[in-house]
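*Asks:* Starting off with a structure, shown below.
Where a number appears in this text, it was derived from the coordinates with a stated rule and is not lab data. Values in this document were obtained by computation on a predicted structure and should not be read as measured data. Heads up, the Cβs are rebuilt from the backbone with ideal geometry, glycines too, and the neighbour counts pull from every protein chain shown.
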Ligand SMILES: *Cc1c(COP(=O)(O)O)cnc(C)c1O
């Protein structure tokens, strides 16, 4: 142990590091081939051109501190969602807000509840606040809301629900969520993580399913904070902008733990413009829906059983150690997300729906590296 271990509290020493998807440069250096990155659910069509122009236009002003209150974007989001300005908080990505929620509501002696095989940041933010995370088993690769209710006690302050879930892609429907919230005790706040809302909303309309009316909960000042992101559908992952909608009183407490100026002026400008770009949005959603169907069908033809996805990614069991398959795919120039380690699914992978060309390359590589390995 180094000399700093004694200085660092146990709750920090015990933390696992967040392991991001492998960077393209690193994978290319390892494999010596050009990579297609399908490991982090980024938008294959890149950022909206309107957002890019807005960022370029704002670049000349970066010697001035950004607006700490992000008033322009909050006003825009309040109108967009039909909520009050005071019910909106803008943060450096949804990840930043997950951390703020944990630090605001949790402390040693309290606990948070979520599902196993859900987003790997929930354990990290909970434990870094000194609290315990209870992860209940899944039901059919999705959230088991009854089990979550049963795990809640008087020391529970937060429930994390990823809807759609990352990595399995499953959803909790609007009716299921209504019933769940009605059963919740008043000492609990639900962090309703809708990082993939736009994709799920689009797919649900196509499939005739009632996916989410989370913003209604906010209008009713229920114990819910809805998290959204500009990193996925809007293609601005490196810009670091996300936001939350919740009860005004709670949003005010959350804002106290926000690092000053954490959202940059470029981030605010880019997000504003991205909201205006219907064309980029619809193109991204339409392509994802079509490609998700195609990739899922091909996976089934190859003998896999992908979980029905409501996002821009698919989850499936590979029937072998996912790290080994990942390595073979990488040697074919494809970067996916093996779900061993913190994700808790040793034999599963998650693959992002890319452009039609990228998906075809993925399927060809998968066919090559699993040839003869799959039964049937
Ligand atoms: C990607 C993702 C986030 C983080 O989004 P950022 O806005 O980039 O921080 C949060 N939750 C889930 C479930 C995600 O998959």
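*Asks:* Tell me the Rg and the Dmax, in Å, that the Cα atoms of the chain produce.
*Replies:* According to the Cα coordinates of the chain, Rg and Dmax are 20.6, 62 Å.
*Asks:* Relative to the present Cα-Cα distance, how much length would full extension add between residue 5 and residue 249 at 0.36 nm per residue of separation?
*Replies:* Once the chain is fully extended between residue 5 and residue 249, it gains 84.0 nm.
*Asks:* Can you give the alpha-carbon Rg of the stretch 18-88 over 2.2 N^0.38 Å, where N counts its residues?
*Replies:* So the stretch 18-88 has a normalised radius of gyration of 1.65.
*Asks:* Here is a further query. Tell me the Kirkwood hydrodynamic radius of the stretch 273-324 in angstroms, computed as one over the mean inverse distance between distinct C-alpha pairs.
*Replies:* 12.8 Å
*Asks:* Go ahead and set up a Gaussian network model of the chain, Cα springs under 10 Å, then flag whichever of 270, 82, 39 fluctuates most.
*Replies:* 82
*Asks:* When N is the residue count of the stretch 230-274, what does its C-alpha Rg come to as a fraction of 2.2 N^0.38 Å?
*Replies:* That ratio works out to 1.27.
*Asks:* For each of 349, 120, 36, count neighbouring Cβ atoms within 10 Å of the residue's Cβ, then give the residues from fewest to most.
*Replies:* Ordered from fewest to most neighbouring Cβ atoms within 10 Å, 349, 120, 36 come out as 120, 36, 349.
*Asks:* In whole angstrom, how long is each semi-axis of the equivalent ellipsoid of the stretch 187-255, when you take the square root of 5 times every eigenvalue of its Cα gyration tensor and sort them from largest down?
*Replies:* One finds semi-axes of 22, 18, 8 Å for the stretch 187-255.
*Asks:* Would you mind getting me the FRET efficiency between residue 331 and residue 57? Use the beta-carbon distance for r and R0 = 51 Å, nearest 0.05.
*Replies:* Efficiency for this residue pair is about 0.75.
*Asks:* Still on this structure, please answer the following. Please list the radius of gyration and Dmax for the stretch 132-219, considering alpha-carbon atoms only, with Å as the unit.
*Replies:* 13.0, 41
*Asks:* Another question, if that's okay. Report the Cα-based extents of the stretch 14-150 along its three principal axes, largest first, to the nearest Å.
*Replies:* Here the spans come out as 52, 51, 31 Å, largest first.
*Asks:* From the helices alone, meaning DSSP H stretches of at least four residues, give me the mean residue ellipticity at 222 nm for the chain, per-run term -39500 (n - 2.57), in deg cm²/dmol to the nearest 500.
*Replies:* Here the helix-only value at 222 nm equals -12500 deg cm²/dmol.
*Asks:* Same structure, new question: Translational diffusion coefficient, Stokes-Einstein: compute it for the stretch 228-376 using the Kirkwood radius over C-alpha pairs as Rh, at 10 °C and 1.306 mPa s, and state it as an integer in µm² s⁻¹.
*Replies:* 89 µm²/s
*Asks:* I would also like to ask the following. Evaluate the Kirkwood expression for the hydrodynamic radius of the stretch 296-369, namely the inverse of the mean inverse distance over all pairs of different C-alpha atoms, and round to one decimal in Å.
*Replies:* When all Cα pairs of the stretch 296-369 are included, the Kirkwood radius is 12.3 Å.
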